[in-house]
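The values are calculated or read from the model by the stated rules, or taken from the named source; none is laboratory data. Predicted, not measured: the structure shown is a model, and the values here were computed from it. Here the Cβ positions follow ideal geometry from the backbone for every residue, glycine too, while neighbour counts run over all protein chains shown. Quick note on the areas: whole protein, heavy atoms, side chains included, nothing else; ligands and nucleic acids left out. Shrake-Rupley method; radii C 1.70, N 1.55, O 1.52, S 1.80 Å.
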Amino acid sequence: MSTDIVAEVREAVAAIPSGCVASYGDIAQWIGTSPRQVGRAMGLLDEGVPWWRVVHSDGTPATCHQGQAPRLLAEEGTPMRGTRVDMRRARHRGQTPVPPSP
């Protein structure tokens with residue numbers, strides 16, 4: 001995995017404000033890669049990055065880190081619909097997608 005992708009994912013995740021989330025696909029669009037690559041890079045990030053703010057496209061929180069994501073999201077006041085994040089209300093739209101490569 002390219003250290004550039006890991007650094008870009010780290011920067012994108014760090015920019016998600018408390019109480020908001022982004023999906024793996026959102027981050028992939030922002031940095032011009034695939035959601036799977038974002039997921040792989042997430043596994044290489046240090047603990048100081050707010051990993052719990054990255055969710056599946058349907059709002060399902062991550063299951064890693066002993067399932068702590070729902071608690072951390074709740075502590076930040078992230079809007080939920082049952083066990084999933086309310087993506088309509090919580091999605092962070094702060095970065096502009098990178099145009100596709102030719």
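Brief remarks follow.
- Residue selected from segment 40-55 under the condition of a type in the set (V, I, T) and either free of Cβ contacts under 8 Å to residues at least 40 places away in the same chain or outside any strand (DSSP E or B) (or both), by the criterion farthest from T3 (Cα to Cα): V55
- Scanning segment 71-92 for residues that are assigned to a loop (DSSP other than H, G, I, E, B) and either open to solvent by less than 50 Å² (accessible area, probe 1.4 Å) or touching a residue at least 40 places away in the same chain (Cβ under 8 Å) (or both) yields E76, G77, T78, P79, D86, H92.
- Flag for R93 being at pLDDT below 95 and at negative phi: yes
- The set of residues from segment 18-39 being part of a helix (DSSP H, G or I), free of Cβ contacts under 8 Å to residues at least 24 places away in the same chain and either open to solvent by 10 Å² or more (accessible area, probe 1.4 Å) or within 20 Å of M80 (Cβ to Cβ) (or both) comprises P35, R36, G39.
- Look at (1) touching a helix residue (DSSP H, G or I) at 6+ places or on another chain (Cβ under 7 Å); (2) within 14 Å of Y24 (Cα to Cα) and you find that T60 fails only one, number (1).
- The residue that is most open to solvent (accessible area, probe 1.4 Å), counting only those in segment 1-17 that are touching a Lys or Arg at 6+ places or on another chain (Cβ under 7 Å) and in a loop (DSSP other than H, G, I, E, B), is M1.
- Residue satisfying condition, being among the hydroxyl-bearing types (S, T, Y) and modelled with pLDDT of 95 or more, within set S2, S23: S23
- Of all residues in segment 40-70, none satisfies the criterion of being within 14 Å of S18 (Cβ to Cβ) and open to solvent by 70 Å² or more (accessible area, probe 1.4 Å).
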